[in-house]
Amino acid sequence: MTAVLACQGVRKVFGSSVVLDGLDLEVAEHEVVALIGASGSGKSTLLRCVNLLEELDDGTIHLDGSHITDPRVNPDLVRRKIGIVFQSYNLFPHLSVLDNITLAPVRVHKRSVSSARAQALELLTRIGLADKASAYPDRLSGGQQQRVAIVRALVNAPRLLLLDEVTSALDPELVGEVLDLISDLKRDGMTMVLATHEMNFARQVADRVCFLDGGRIVEQGPPSQVLDAPVEPRTQQFLRRLA
Ligand code: ADP
Ligand code: MG
């Protein structure tokens, strides 16, 4: 079976620092992969490369078998198939919740306003926020805002969802509702790659945990293996520091 995502030999250099150094990663359909690693290990850069927000210095990325890092590819068409959510500042403050969700589908992807709105309302209903459709983001809690941002990333029914530390900016009491939403998406079969520093969450939701160090995945496997019985000294050291 073709992997949904296949990164091969991905290299990314900023100035004199090699952030991704020939990284390989394949993600199967319905699989949830957690990227862990020290701050600065390249987790965000990898997600940004997959969403074509960064240009590779070497290597290739395929989505559903098609070569998306080919320079002839239109990035907007690729991004329509990939949802991405960042740590914070996700919603446009001057747009209502509904307009936040429908902006890209209508403006960028040329969907009809009525179909985008209908789908946005359906998604909001699913997360219990339909009554906030016309509210502005500042009327919502941080957890509600982040759930809206996740739902917004789902509006084009992406093949792949990328989540970059989506709970890091939240007050601790708001983290649970966002993690619950991600668990629901997993249950629905969404293929996801998430960067996280929450090992308990990685343990709960990930099928596979990948530890990044030196620009590569140096250890990977089921959470029980990587988090509880790591074999790589660098993984052991990283986890010891968190403990
Ligand atoms: P992580 O998400 O694992 O904390 P990042 O991918 O954000 O790591 O960063 C990896 C390294 O790349 C860091 O040293 C960071 O400073 C550097 N970096 C990331 N983006 C840029 C950029 N646009 N310009 C220069 N350096 C960058
Ligand atoms: Mg990061």
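For the range 200-243, filtered to residues that are among the hydrophobic types (A, V, I, L, M, F, W, C), within 16 Å of the chain's Cα centre (by Cα) and more than 22 Å from GLY22 (Cβ to Cβ), the residue that is nearest to ligand 1 (Cβ to nearest atom) is ALA202.
From the list ALA38, ALA34, ALA28, the one residue that fits, being closer than 24 Å to PRO230 by Cα and more than 16 Å from ligand 1 (Cβ to nearest atom), is ALA28. Among the residues in the range 15-26, are any out of contact with any helix residue (DSSP H, G or I) (no Cβ under 9 Å at 6 or more places or on another chain), small (Gly, Ala, Ser) and touching a residue at least 60 places away in the same chain (Cβ under 8 Å)? Checked against the condition, which is being out of contact with any helix residue (DSSP H, G or I) (no Cβ under 9 Å at 6 or more places or on another chain), small (Gly, Ala, Ser) and touching a residue at least 60 places away in the same chain (Cβ under 8 Å), the range 15-26 yields at least one hit.
Among the residues here, ALA135 qualifies as part of a loop (DSSP other than H, G, I, E, B), among the aliphatic types (A, V, I, L, M), free of Cβ contacts under 8 Å to residues at least 40 places away in the same chain and surrounded by 15 or more Cβ atoms within 10 Å (Cβ to Cβ). Listed by position, the strands (runs of 3 or more DSSP E) enclosed by the range 1-99 that each have at least 3 residues that are hydrophobic (A, V, I, L, M, F, W, C) are 5-14, 17-27, 32-36, 82-85.
Just name the residue that is surrounded by the most Cβ atoms within 10 Å (Cβ to Cβ) out of those in the range 56-105 that are of a type in the set (Phe, Trp, Tyr) and within 16 Å of ligand 1 (Cβ to nearest atom). Among residues in the range 56-105 that are of a type in the set (Phe, Trp, Tyr) and within 16 Å of ligand 1 (Cβ to nearest atom), the one surrounded by the most Cβ atoms within 10 Å (Cβ to Cβ) is PHE86.
Does the range 126-133 contain at least one residue that is modelled with pLDDT under 95 and either within 16 Å of ligand 2 (Cβ to nearest atom) or within 30 Å of CYS210 (Cα to Cα) (or both)? Yes, that holds for at least one residue.
Residues in the range 151-180 that are among the aliphatic types (A, V, I, L, M) and at pLDDT 95 or above: LEU160, LEU161, LEU162, LEU163.
The values are calculated or read from the model by the stated rules, or taken from the named source; none is laboratory data. The structure displayed is predicted, hence computed values, not measured ones. Note: ideal-geometry Cβ built from the backbone for every residue, glycine included; neighbour counts use all protein chains shown.
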